[in-house]
Amino acid sequence: MINHRLLFTGVVLAALTIILAACGRPGGETPPAAPAIPPGAVTIKALPPLLTLRGDEVPFRGKTEIVQRLAGPAATEVVVVAFSASGENAHKSAIKIEWEDGGVETFPPGSKNITLSPQRRAKKISVLGYSFHERRVFKDVAKTGTLSWEIRYAPSE
């Protein structure tokens, strides 16, 4: 009868011997020590936290404004990663950014990877949705639509 444990142990020891021989280190030889790095030679600087404002297939009807809550009084290093809208006349939807200097910028659906000036500070970021069946004579009819967006920013102090 074959002792399976003894056979398994023998196979494992043979495999380890082959691996050590292939590495060129016989027996218990240790690898050479890495050179020592003097203290203070490396400085680690923490990166500012990047926060994300995100909405995925958020439903709305007619016209809506979704104000994004910012961490802190303002946002810097704003990046519009992606923005899309669906619905009737969804091309009139937008991301609206109000800056501290009073300026306003809007970005239409389909905007991707737009990096804004890191020196500017946004005091308000809103996502505007628009979905109406527009008629000349009669009143416009509100339709359903969806919004998806991702905006990254660094909070300012």
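How far is helix 4-23 tilted off the main Cα axis of the chain, in degrees rounded to 10, range 0 to 90? With both axes taken from Cα atoms, the answer is about 80 degrees.
Looking at the square roots a ≥ b ≥ c of the eigenvalues of the Cα gyration tensor of region 80-119, which shape do they give, rounded for a/c under 1.5, prolate if a/b is larger than b/c, or oblate? Because a/c hits 1.5 or more and a/b fails to exceed b/c, region 80-119 counts as oblate.
Among Tyr130, Tyr153, the sequence by solvent-accessible area, most first, with a 1.4 Å probe is Tyr130, Tyr153. Every helix of 4 or more DSSP H residues in the chain counts as -39500 (n - 2.57), and over all residues that averages to -4500 deg cm²/dmol at 222 nm. The lysines whose alpha-carbon is closer than 26 Å to the alpha-carbon of Lys139, local same-chain residues fewer than 8 away aside, are Lys63, Lys92. Values of log10 I(q)/I(0) for the chain across q = 0.11, 0.18 Å⁻¹ run -0.60, -1.08, by the Debye formula with one identical scatterer at each alpha carbon and no solvent. Note: relative contact order over the chain, using C-alpha pairs below 8 Å and six or more positions apart, is 33 percent.
Computed over neighbours whose Cβ is under 14 Å from that of Ser117, the net charge equals -2, Lys and Arg +1, Asp and Glu -1. Surface composition of region 66-114: carbon plus sulfur atoms hold 50% of the accessible area, using a 1.4 angstrom probe and ignoring ligands, DNA and RNA. Over the chain, accessible surface divided per residue gives 71 Å², non-protein components excluded, 1.4 Å probe.
The values are calculated or read from the model by the stated rules, or taken from the named source; none is laboratory data. Please read these numbers as outputs of a predicted model, since none were measured by experiment. For neighbour counting, all protein chains shown are included, and Cβ atoms are generated from backbone atoms with ideal geometry for every residue, glycine included. With ligands, DNA and RNA removed, areas are computed over all heavy atoms of the protein, side chains included. Shrake-Rupley method; radii C 1.70, N 1.55, O 1.52, S 1.80 Å.
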